[in-house]
Amino acid sequence: EPVGSQFLVETSELAVSAATVRNELHDLEEAGFLTHPHTSAGRMPTETGYQYYVTHLMKPDQIRKTVQGELAKILGNYERREQALKQVAKYLAADGHYAVIIAFGLHSTYYTGISELFSQAEFRSSVAALDVSRLFDECEDRLPRLIAELPAGETKIFIGRGNPLDRACGTVAARIGRNDVCAVVGPMRMTYSKTYPMVQYVCSILS
């Protein structure tokens, strides 16, 4: 939801007035980092704003020991890599309320969490849901572009027009080994600081 200057002052430790914050928000909007849907509404980040955040400001969260234990348990309970990755995908989808795509090379694809993704505010309208649903219909056609931008063993964030899967979404993805891929797909405002280290952790265990 759009956020106003008064709300920021009341809910933060900013030692400045709402008028000062309003001027800063205006400058950020002029620079292309923020937008506002209505004249009287607050502001929200643009694609450029989110990209600047993940590139320059984001500090990845520390994964809680309990979460590490749960993921390690899942990965240790299955002898076959394919089974383990599917269970990890279900865990990540339920934890973040996002969709998760697992590609086993270019020949087999598994996805879960579609209902979780469509529960997000951005995709509740039938038009938005229809647009994003094409991602899953065309998943195998779009994945090669994602894989081409993922070095082995590396976790990357793709946002909006820079997202090979869908420009309306944000994606945190990792190449696991040479050919497998784990991609968490959510709205552009997804919690990158939490999702990024979790995908990175899974990648580090299985690579």
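The values are calculated or read from the model by the stated rules, or taken from the named source; none is laboratory data. Computed from a prediction, not measured in an experiment: that's the story for all the values here. Here Cβ is always computed from backbone atoms with ideal geometry, including for glycine, and neighbour counts include all displayed protein chains.
Before moving on, here are some points about what is shown:
- Within region 1-103, helices (runs of 4 or more DSSP H) holding 3 or more residues that are at pLDDT 95 or above and either of a type outside the set (Phe, Trp, Tyr) or buried (at least 16 other Cβ atoms within 10 Å of the Cβ) (or both): 18-30, 47-52, 81-96
- Restricting Glu82, Glu154 to residues that are over 29 Å from Thr48 (Cβ atoms), out of contact with any helix residue (DSSP H, G or I) (no Cβ under 7 Å at 6 or more places or on another chain) and not hydroxyl-bearing (Ser, Thr, Tyr) narrows the list to Glu82.
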